[in-house]
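A short worksheet on the structure shown next.
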Amino acid sequence: MPKSVEPEHRGRFQAQSDYLEESENWAQQEPLTARDGHRLLTALENRLDDKERRIREDCFRRAHRFIDNAGPGGVGPTTKGFPVRGRHDGSRVDIDVKKGLAFVVRG
Amino acid sequence: MVTNLYEKFLEDTEHYEQSERYWERLWTEVVSEAGGWYTWLTPWMGTGAPHIKDGNPIFSAISPDLRRGVRIIQLEPYEPGLDFQVWFENTEDDPLDPENIQELVIACVLSDLAAAYARNVLEPWVDGSRILIRRDQAGCLMIDRAMKHEGQLLHRLGQAA
């Protein structure tokens, strides 16, 4: 059996609250590009029902903006929380870069 | 009456640095009052890159002993009054993963009142107590604490409108 190779770059996008937990993960040998980051984040958004998506509209906007502002070299491990303002049930969108780099720009 | 502090932290570098120092001071006081039962290291995680100064997080700490973390997100003012949210998060998908760290996450507009509530939440968290955060029927934030070293004693620590 070939030995499995631990991915060099991994992380997740999450939409959460006290009653909801949905995520889109990545685990790969190359840094996640900003383009793929936007794609995964949009896929997460599309998995939510209308109500949950509407609640988090601004959270997703801020998360996409973070990807755009990462710079050409991307970002290293970090966790970003984008809570829904004015609510207190933990409704939010998270970006979790667990290992390696994410949101790099390929020329 | 809630007094916001360093409101321009996203536009003004000085406000950003003052915010960082404010949280560091508060943290030092909390850890010092906790009696040093457990080791806490800070910072734990950055914002992703040195040039990113978005307050997300503005402060972080980890206790390898407790497998607990703290992450504080400072938000821009959004509406008048207290703006304070708190939740728990696991760093791994499986909470039983030996690598997992359970995080206490605070997201707030920095104000005198938010800092007081942050202190109330952080104090039991850093000394290893089990805490329960919930909302009562009136929507008030309730923080119950079960003292690890003193059995099942429950205290109501704070209440926010």
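Taking the condition of being over 15 Å from the mean Cα position of the chain (by Cα) and buried (at least 16 other Cβ atoms within 10 Å of the Cβ), how many residues in the stretch B:39-52 meet it?
4
Say we look at the stretch A:26-45 and pick out the residues that are touching a Lys or Arg at 6+ places or on another chain (Cβ under 8 Å) and not basic (Lys, Arg); which of these is surrounded by the fewest Cβ atoms within 10 Å (Cβ to Cβ)?
That would be A:GLN28.
Consider B:GLN85 against the criteria (1) under 14 Å from the mean Cα position of the chain (by Cα); (2) modelled with pLDDT of 95 or more: it satisfies all of them except one. Which criterion is unmet?
The one condition B:GLN85 does not meet is (2).
One residue is enough: does the stretch A:69-86 have a residue meeting the conditions within 14 Å of chain B (Cβ to nearest Cβ) and assigned to a helix (DSSP H, G or I)?
No, every residue in the stretch A:69-86 fails to be within 14 Å of chain B (Cβ to nearest Cβ) and assigned to a helix (DSSP H, G or I).
Given the structure, is A:PHE103 more than 24 Å from B:VAL86 (Cα to Cα), in contact with a helix residue (DSSP H, G or I) (Cβ under 8 Å, 6 or more places away or on another chain), of a type in the set (Phe, Trp, Tyr) and assigned to a strand (DSSP E or B)?
Spelling it out, A:PHE103 is indeed more than 24 Å from B:VAL86 (Cα to Cα), in contact with a helix residue (DSSP H, G or I) (Cβ under 8 Å, 6 or more places away or on another chain), of a type in the set (Phe, Trp, Tyr) and assigned to a strand (DSSP E or B).
Here is a check on your reading of the model: is B:GLU14 of a type in the set (D, E, K, R) and either farther than 27 Å from A:ASP96 by Cβ or within 12 Å of chain A (Cβ to nearest Cβ) (or both)?
yes
Tally the residues that are more than 9 Å from chain A (Cβ to nearest Cβ) and touching a residue at least 40 places away in the same chain (Cβ under 8 Å), restricting the search to the stretch B:67-113.
14
Yes/no matrix, rows are residues, columns are (1) under 15 Å from the mean Cα position of the chain (by Cα); (2) in contact (Cβ under 8 Å) with a residue 12 or more places away in the chain:
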{"position": "A:PHE13", "(1), (2)": "yes, yes"}
{"position": "A:ASP18", "(1), (2)": "no, yes"}
{"position": "A:GLU24", "(1), (2)": "yes, yes"}
{"position": "A:ALA27", "(1), (2)": "yes, yes"}
{"position": "A:ARG39", "(1), (2)": "yes, no"}
{"position": "A:GLU52", "(1), (2)": "no, yes"}
{"position": "A:ARG62", "(1), (2)": "yes, yes"}
{"position": "A:PHE66", "(1), (2)": "yes, yes"}
{"position": "A:GLY81", "(1), (2)": "yes, yes"}
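Inside the stretch B:19-36, can you point out the residues that are surrounded by 15 or more Cβ atoms within 10 Å (Cβ to Cβ) and either β-branched (Val, Ile, Thr) or farther than 20 Å from A:LYS80 by Cα (or both)?
Residues satisfying the conditions are B:TYR22, B:LEU26, B:TRP27, B:VAL30, B:VAL31, B:ALA34.
Could you tell me how many of the residues in the stretch A:4-22 are of a type in the set (D, E, K, R) and in a loop (DSSP other than H, G, I, E, B)? Talk me through it step by step, then tell me what you get.
Here is the first cut: in the stretch A:4-22, the residues of a type in the set (D, E, K, R) are A:6, A:8, A:10, A:12, A:18, A:21-22.
Restricting the remaining residues to those that are in a loop (DSSP other than H, G, I, E, B) gives A:6, A:8, A:18.
The qualifying residues number 3.
The values are calculated or read from the model by the stated rules, or taken from the named source; none is laboratory data. Just so we're clear, the structure is a prediction, and the values are computed from it rather than from any experiment. All Cβ positions, glycine included, derive from the backbone under ideal geometry; neighbour counts span all protein chains shown.
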